[in-house]
Amino acid sequence: MTGSGVPKIMGQIWIGDRKAPEPWMKSWKASHPSWEYVVYDNTFLTSRRWFNHSLILEYFKRREFAGVSDLIRYEILYERGGFIPEADSVCLRPVDELFSEPKLYTVYENEERRPGFVHPFLASNPGNPGLHMAINILNSRYGAKPEKLDTPFRSVGNRFLERFIRNRKPDVTVFPSFMFNPVFHKEKFRYVGDGPVYANHKWGTTHSKYEEYEEAERRSIFEAVVTKLEQLLTSEPKPKLAPPHILH
């Protein structure tokens with residue numbers, strides 16, 4: 001554990017049909033040698049049925065992999081706890097000091113350009129009540145009709161979480177944007193202060209920075225994952241979401 005708060009489990013999510021930005025991802029592992037490190041990839045994604053499996057399948061079939069990433073992020077953090085930095089970010093300093101309390105943690109996207117908007121949750125203790133609430137809201141809203149999902153940003157990501165935090169008021173620490181996003185995706189919005197900067201977000205999807213597989217290999221990867229997700233949806237019983245941990 002980091003103190004008595006978040007377990008020292010560092011995971012990064014990389015799913016879909018593009019090549020992982022391994023140098024960026026390895027910077028996190030190298031800076032945190034005492035942490036358990038795991039990559040949640042396509043194999044992990046298709047190793048089980050998820051609570052919000054129908055939503056995950058819908059976004060994967062649309063190739064909106066950010067939505068898949070957000071949805072499995074919430075369930076992983078709820079089940080295991082830990083810290084999941086963005087795969088398209090480079091670690092600049094260790095985060096050991098940040099997660100001392102058993103609660104949710106995230107970071108503002110940019111206070112000036114997108115006031116109130118936050119990134120999908122970065123870290124949590126396992127069994128967090130706020131995550132339990134968010135996962136259930138998404139299930140009740142879209143579980144029976146995943147085709148009603150809007151873009152990941154609106155339905156399960158930044159915009160959804162802004163409203164969720166404002167209306168439901170979970171116990172969450174929201175870090176200032178400069179700590180993990182010192183440069184907004186438009187270069188002119190760059191942090192120039194002296195606060196601690198833990199990461200440099202590369203905005204890989206926004207700027208199309210990922211390397212591509214050959215088209216035939218991309219298609220093969222994509223079709224294999226969709227097939228497996230569809231099989232899991234019909235062959236495996238829906239998992240139960242364990243009750244949240246109540247801290248005293």
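General remarks:
Residues are listed down the side, and each one gets a yes or a no for (1) open to solvent by 10 Å² or more (accessible area, probe 1.4 Å); (2) over 19 Å from M10 (Cα atoms); (3) of a type outside the set (G, A, S):
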site	(1), (2), (3)
P126	yes, no, yes
G130	no, yes, no
E162	yes, yes, yes
T173	yes, no, yes
P176	yes, yes, yes
M179	yes, no, yes
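For (1) in contact with a His (Cβ under 9 Å, 6 or more places away or on another chain); (2) open to solvent by 30 Å² or more (accessible area, probe 1.4 Å), each residue gets a yes or a no:
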site: L77; (1), (2): no, no
site: G82; (1), (2): no, no
site: D88; (1), (2): yes, no
site: C91; (1), (2): yes, no
site: V95; (1), (2): yes, no
site: L98; (1), (2): no, no
site: P102; (1), (2): yes, yes
site: V107; (1), (2): yes, no
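- Residue match in segment 15-31 (condition: farther than 25 Å from Y213 by Cβ, touching a strand residue (DSSP E or B) at 6+ places or on another chain (Cβ under 9 Å) and crowded, with 18+ Cβ neighbours inside 10 Å): yes
- Residues (open to solvent by 10 Å² or more (accessible area, probe 1.4 Å) and either touching a Ser or Thr at 6+ places or on another chain (Cβ under 8 Å) or at pLDDT 95 or above (or both)) located in segment 109-118: N110, E111
- Assessment of segment 25-35 against the conditions (polar (S, T, N, Q), at pLDDT 95 or above, touching a Ser or Thr at 6+ places or on another chain (Cβ under 9 Å) and assigned to a helix (DSSP H, G or I)) yields at least one matching residue.
The values are calculated or read from the model by the stated rules, or taken from the named source; none is laboratory data. Bear in mind the structure is a predicted one, so any value in this text is a computation, not a measurement. In this analysis, Cβ positions are derived from the backbone assuming ideal geometry, glycine residues included, and neighbour counts consider all displayed protein chains. Heavy atoms of the whole protein, side chains included, go into the accessibility calculation; ligands, DNA and RNA do not. Shrake-Rupley method; radii C 1.70, N 1.55, O 1.52, S 1.80 Å.
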